[in-house]
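As structure tokens, the structure follows; a few thoughts come after it.
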Amino acid sequence: MTATTDGSTGAVTPPAPSATETADTTPETAGTQDAAKRAIQRSTDFLLSRQDAQGWWKGDLDTNVTMDAEDLLLRQFLGIRDEQTTRAAALFIRGEQRDDGTWATFYGGPGELSTTIEAYVALRLAGDAPDAPHMAKASAWVRAQGGIAASRVFTRIWLALFGWWKWDDLPELPPELIYFPKWFPLNIYDFGCWARQTIVPLTIVSAKRPVRPAPFPLDELHTDARVPNPPKAPSPVASWDGVFERLDKALHMYHKVAPRRLRKAAMNSAARWIIERQENDGCWGGIQPPAVYSVIALHLLGYDLEHPVLKSGLESLDRFAVWREDGARMIEACQSPVWDTCLATIALADAGLPADHPQLVKAADWMLGEEIVRPGDWAVRKPQLPPGGWAFEFHNDNYPDIDDTAEVVLALRRVKHPDPERVENAIARGVRWNIGMQSKNGAWGAFDVDNTSPLPNKLPFCDFGEVIDPPSADVTGHVVEMLAIEGKAHDPRTRRGIEWLLAEQEPSGAWFGRWGVNYVYGTGSVVPALTAAGLPGSHRAIRRAVSWLESVQNEDGGWGEDLRSYREEKWIGHGASTASQTAWALLALLAAGEQESKAVERGVAWLAETQAEDGSWDEPYFTGTGFPWDFSINYHLYRQVFPLTALGRYVNGEPFTGGSGKGS
């Protein structure tokens, strides 16, 4: 089934149902089909209207107020905090405070201690008085939760920069770590790329232990200001925690006796490592936290703020700011144009937009220009693998990722490009790189191969979320789907990925979602991959997945899953219905051959009924994941692209199953 395009507006005109369709369709189904077609047209118009002139799409990326608080703390530390930025950041932070005085890490979530402490300190910097009602409520809650002493290491590092916490009371991480060979336990390449980029600069900060004068005390955030860090009972000697506690004590002793020349050399080596990985736009890895810590580390080593490295680094941080109409300023932890653009391209193609539509061609042009053709950190483990692939962000040539590469290939296959040879060559490089990044167990992680050492997560320093990058079902599913569409469904490497996915299915029939919330995302990623690779809808694994999705469908017809599902079993598959999660469930059910099921009809009807007049969907809930539970994301474009993809596949039939990339 195809659709025509109105050349003046780019709007899709859905086709009329065929005689066969009309004869086989019940009145209820016909009504749902009509509603879906209207929703497709509105959604297509909405998405096309939001494409950048260069060809990309990018939605805001919401996380939590620690990004905003730490931005202010950085500016305070460097002596560059200005009134306008402070006022705008404080306006945003205040607006995110919950009624109980706390700040959460996701919409509707519980108050979180470290986030609340950092938000409170930022508002103190902005001039909010500690006895103001909203501040007093926050500090009372912090004390009730154990005060600063109970917060995470990263929060206490920020406080130590101003003397609000003692460096001696923080875990030690020596810069000599930079010299550990790649086969040695706890070398920097044992950490996931996001943790690696953060930890290397923090080894310099940890060695330097700087203290800038605090502008005010924080006694109100301690349970007892006279004993801010009460002693804790040691862990059992035979436990991993006990082993690493003793290691940390040894490292504190080493800090006092470290050979000066060795330490200086290690810090300089770490600085070179940092500078070599600075991107063309001045950032590091396209994400905000490593950029912040890299700026601090290099500044401590004598780089002044006018030095080209620091100047461009600070300028890059300004590009993470989203200024809102009310004057508030929100900081994005990262930006997602490649991810958003490939998903938008797939959605529009599934909606029926012609493969040669000018806006799809423009999107393909932009994605082709973002291909990474030089080695990055991934080459440490795979030195013989030729480069090729795509990252998540505007500028991140050091860390292409496997998930984006798979989805970009799927997107490029949907476009009839005027230079098909260029497309074919880029796809070939991306496929080769993705295959080469397969881990030993047959699955794929996000950025690295076999990044599975359990030791980094045991370090007392690493309490801020996931610090390794093991293979996941959602990434593996996307790669398997891409390989199947590229005609490699029977390739032994694809079959190993399928075997791993089948072995990873939960007893419930679902799959765990590493990069999206949660089992709905994992299942929505895996089922389309397995069917694309040739598993029939009658396969036992597919039927179990279908049964699970049907069992967790909400009364209103949608699907939702709360982030608490990462910690509490009762939340698995349960939560308020959202557009993105409903779409993920529908994508799995449609791939399983459930087009005529009541569950699909109800899900499609929910999407059509909840769509706004402008063609968008509202979704305050966070359905993306940085670190399961610890760092959550609201991708503002998810609520647009995934529903359009699901509706398009419902109306237009089977998802794309392959072709030459020349409009077939």
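Roughly how big is the chain's charge dipole about its Cα centre, with Cβ charges of +1 (Lys, Arg) and -1 (Asp, Glu), in debye to the nearest 20? Intermediate values should be presented prior to the final figure.
On the way: 64 positive and 87 negative charges, 499 e Å.
Here the size comes out at about 2400 debye.
Enumerate the amide H contacts of Thr578 below 5 Å, restricted to partners 5 or more residues apart or on another chain; note that Pro and chain-start residues carry no placed amide H.
Here the answer is Trp559, Gly560, since their amide H atoms fall under 5 Å of that of Thr578.
Out of these labelled values of percent of Cα pairs over 44 Å apart, (i) 22; (ii) 31; (iii) 51, which was calculated from the coordinates shown here?
(i)
Within 10 Å of each residue's Cβ, count the other Cβ atoms and sort Phe191, Phe244, Phe180 from fewest upward.
Phe180, Phe244, Phe191
Would you work out if segment 257-392 is rounded, prolate or oblate? Take a ≥ b ≥ c from the square roots of the eigenvalues of the alpha-carbon gyration tensor; rounded if a/c is under 1.5, else prolate when a/b is larger than b/c, oblate otherwise.
oblate
How many lysine pairs does segment 63-331 hold where the Cα atoms are under 28 Å apart and the two sit 8 or more places apart or on different chains?
So the count of such lysine pairs works out to 21.
Quick one: length gained pulling Glu568 to Arg260 fully straight, 0.36 nm per residue minus the C-alpha distance?
On the way: separation 308, 0.36 × 308 = 110.88 nm, distance 4.84 nm.
My answer for the length gained is 106.0 nm.
Taking the highest mean first, how do the peptides 399-411, 283-295 order by number of other beta carbon atoms within 10 angstrom per residue?
On the way: 399-411: 27.5, 283-295: 25.5.
My ranking of the peptides, most packed first, is 399-411, 283-295.
Given Cα pairs under 8 Å that are at least 6 residues apart, what percent is the relative contact order of the chain? Before the final figure, lay out the partial values.
Numbers: 1221 pairs, mean separation 109.3, N = 664.
The normalised contact order for the chain reaches 16 percent.
How do Trp240, Trp164 rank when sorted from fewest to most other Cβ atoms within 10 Å of their own Cβ?
In increasing order of surrounding Cβ atoms, one gets Trp240, Trp164.
Any idea what angle helix 337-350 forms with the longest principal axis of the chain, computed on alpha-carbon atoms, 0 to 90 degrees, nearest 10?
That works out to roughly 10 degrees.
Between Asp131 and Asp630, what's the calculated FRET efficiency when r is the beta-carbon distance and R0 is 25 Å? Round to 0.05.
That pair, Asp131 with Asp630, gives E of 0.20.
Which cross-chain or sequence-distant (5 or more) residues have an amide H under 5 Å from the amide H of Gly626, H modelled 1.01 Å from N in plane?
Residues meeting the criterion, in which the H sits 1.01 Å from N, are Phe631, Ser632, Ile633.
Between helix 308-318 and the chain, what is the angle of the helix's C-alpha long axis to the longest principal axis, kept within 0 to 90° and rounded to the nearest 10?
So the helix axis and the longest Cα principal axis differ by about 60 degrees.
Sort 436-447, 228-239 by the packing proxy (mean of other Cβ within 10 Å over each peptide's residues), most packed first.
The peptides rank, most packed first, as 436-447, 228-239.
Mind running the shape call on segment 63-331? Use the C-alpha gyration tensor, a ≥ b ≥ c as the square roots of the eigenvalues: rounded below 1.5 for a/c, prolate if a/b tops b/c, oblate otherwise.
It comes out oblate by the Cα gyration axes.
Sort Leu586, Leu607, Leu113 so that the residue with the fewest other Cβ atoms within 10 Å of its own Cβ comes first and the one with the most comes last.
Values: Leu586 29, Leu607 26, Leu113 20.
With the fewest neighbours first, Leu586, Leu607, Leu113 line up as Leu113, Leu607, Leu586.
Using a simple charge model, +1 on the beta-carbon of Lys and Arg, -1 on the beta-carbon of Asp and Glu, nothing else, what dipole does segment 63-331 show about its Cα centre, in debye to the nearest 20? Please report the intermediate quantities before stating the final value.
Details: 31 positive and 32 negative charges, 215 e Å.
Taking the Cα centre of segment 63-331 as origin, the dipole is about 1040 debye.
Can you tell me the relative contact order of segment 63-331? Whole percent, Cα pairs under 8 Å, sequence separation 6 or more.
21 percent
Expressed as an acute angle from 0 to 90° and rounded to the nearest 10, what is the orientation of the C-alpha long axis of helix 27-49 relative to the principal long axis of the chain?
Orientation of helix 27-49: about 50 degrees from the principal axis.
Which value in nm describes the separation of the simple spin-label points at Asp318 and Asp34, placed 7 Å from the Cα toward the beta carbon?
Here the modelled spin labels are 5.5 nm apart.
Read-outs: derived from the displayed coordinates by stated rules, not from any lab. Keep in mind that what you see is a predicted model, and the values were worked out from it rather than measured. Positions of Cβ are generated from backbone atoms using ideal geometry, with glycine treated the same way; all protein chains shown enter the neighbour counts.
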